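The values are calculated or read from the model by the stated rules, or taken from the named source; none is laboratory data. None of the values given here were measured: they were computed from a predicted structure. Here Cβ is always computed from backbone atoms with ideal geometry, including for glycine, and neighbour counts include all displayed protein chains.
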Amino acid sequence: MPLPARNTLAIVGAGPIGLEAAAAAVERGFDVHVFERGEPGAHAIAWGHVRMFTPWSMNLGPASARLLARHGWSAPDPDARPTGAELVERLIAPLAATPELASRLHAHAQVVQVSRLGALRGDGVGTPERREHPFRLMVRDSGGRESYLHAFSLIDASGVYGTPRAAGTGGIPARGEQYLAPQLSYHCNDVRGLRRERHAGRRTLVIGSGACAATTVAELAALAVEAPGTSVAWVTRRPAPRLAGEIGGADPLPARAALHAAAHAFMRGEHAAVTWIGGAEVDGFEYNSATHRYRVTLLGASGNRVEEADEIVVNTGYGPDGSLHRELQVRELDGPPAPGADAFESAEPGFWIVGAKSFGRANTFLLRTGFEQVARALDGAAQALREPASR
């Protein structure tokens, strides 16, 4: 088959990082196409009620701003903090609609897996010849039809929000979790809005010690004031009152510091509706179909403990899905890349992981970091265009 042009670039994910990469790639003359398994900004839509820690000044990529400005876009207040829904409405949707990107953005097109055309994972490790095999993308549309597309460069900006982590001890599913997972919740629910009826006047057990769990607990505590009888059992693996990703000393993001302060107050028992259970891990879930309640077995230093609840929210974090690139020379993502690294460093030429996925399981990623990663990745792709072919 004929090879694609050398300047072809495929981007997986149409969030703020993927679209910044697309806008910057168009400026540099790449033949770029973006593939999104749902709607553009689907992850941000899913947590649309949550306000970000960072202001607009940190959430707008430079190439995105230039592209939007050419079409008369009015920039938001740089000091205002958008919600996920506002991020989509004010940034992602207008970007996706620009003439430069609209024809290059393929919504409801899931990249199922990626390989190299004519090369297996173990072929040509560390050699320039491997670059001469373009990436082969299996793409599945909303009707289940599959096709293959090819590009010489590939950026994975698919994020992690679509792959929540399990609740069980050791990071694997607890007993009964996989069976009950369809009726559990694994995201930052809008407990005072869309899901209010599921939580108002009922007992919710929240599992996790990160910002998402703290946000859920804070929203449920506010709901308890509005709806008497609402209560929360908050389970964290950490025995000390400290959140995952918490920064010691002065936090440069006041909104994040305020959430952490509120979480500490809950842990100290300063809200009557919230019970904190620290130093515990989930061993198993049971569901009583007669009472419509859950029994959760917890393991702790002082022995087992059973908690009952009407609803379960698992906010134990999110991790990268490595199935997309399992046939490429990419190791598992465990944490953020080294300072100054070109996004996620791998042995696969012409391939970059940018955005939250490049941070592995760490929850400290900020959009500004992703914009910097995009610039370095495109520098690498542009440099490859200037290099002579190996054959």
**OP:** Taking residue 197 as meeting all but one of (1) in a loop (DSSP other than H, G, I, E, B); (2) over 23 Å from residue 264 (Cα atoms), write down the number of the exception.
**Re:** (1)
Original post:
Among the residues of region 264-281, how many are farther than 16 Å from residue 210 by Cα and surrounded by 16 or more Cβ atoms within 10 Å (Cβ to Cβ)?
Top reply: 4
Original post:
Within region 149-165, is even one residue loosely packed, with under 13 Cβ neighbours inside 10 Å and either assigned by TED's automatic domain parsing to the domain that holds residue 83 or under 28 Å from residue 17 (Cβ atoms) (or both)?
Top reply: no
Subject >> Those residues of region 235-261 which are closer than 21 Å to residue 80 by Cα and in contact (Cβ under 8 Å) with a residue 40 or more places away in the chain, in sequence order >> reply: 253, 255, 256, 259, 260
Original post:
Do we find a residue being in a loop (DSSP other than H, G, I, E, B) and closer than 20 Å to residue 21 by Cα anywhere in region 82-90?
Top reply: no
Subject >> Candidates 206, 217 - the one that is within 22 Å of residue 43 (Cα to Cα), in a strand (DSSP E or B) and at pLDDT 95 or above >> reply: 206
**OP:** Inspect region 246-263 for any residue being within 18 Å of residue 170 (Cα to Cα) and buried (at least 16 other Cβ atoms within 10 Å of the Cβ) and give the result as yes or no.
**Re:** no
Original post:
Hey, among 182, 173, which residue is on the phi < 0 side of the Ramachandran plot, surrounded by 15 or more Cβ atoms within 10 Å (Cβ to Cβ) and modelled with pLDDT of 95 or more?
Top reply: 173
**OP:** Mind listing just one residue for me: the one in region 42-54 that is surrounded by 18 or more Cβ atoms within 10 Å (Cβ to Cβ) and part of a loop (DSSP other than H, G, I, E, B) and, of those, nearest to the chain's Cα centre (by Cα)?
**Re:** 47
Original post:
Any residue in region 302-314 that is assigned to a loop (DSSP other than H, G, I, E, B), at pLDDT 95 or above and more than 30 Å from residue 385 (Cβ to Cβ)?
Top reply: yes
**OP:** Run residue 205 past the list (1) in contact (Cβ under 8 Å) with a residue 60 or more places away in the chain; (2) surrounded by fewer than 21 Cβ atoms within 10 Å (Cβ to Cβ); (3) under 17 Å from residue 168 (Cα atoms); (4) among the hydrophobic types (A, V, I, L, M, F, W, C) and report the number of the one that doesn't hold.
**Re:** (2)
Original post:
Restricting the search to region 55-72, which residues are in contact with a helix residue (DSSP H, G or I) (Cβ under 6 Å, 6 or more places away or on another chain) and assigned to a loop (DSSP other than H, G, I, E, B)?
Top reply: 61
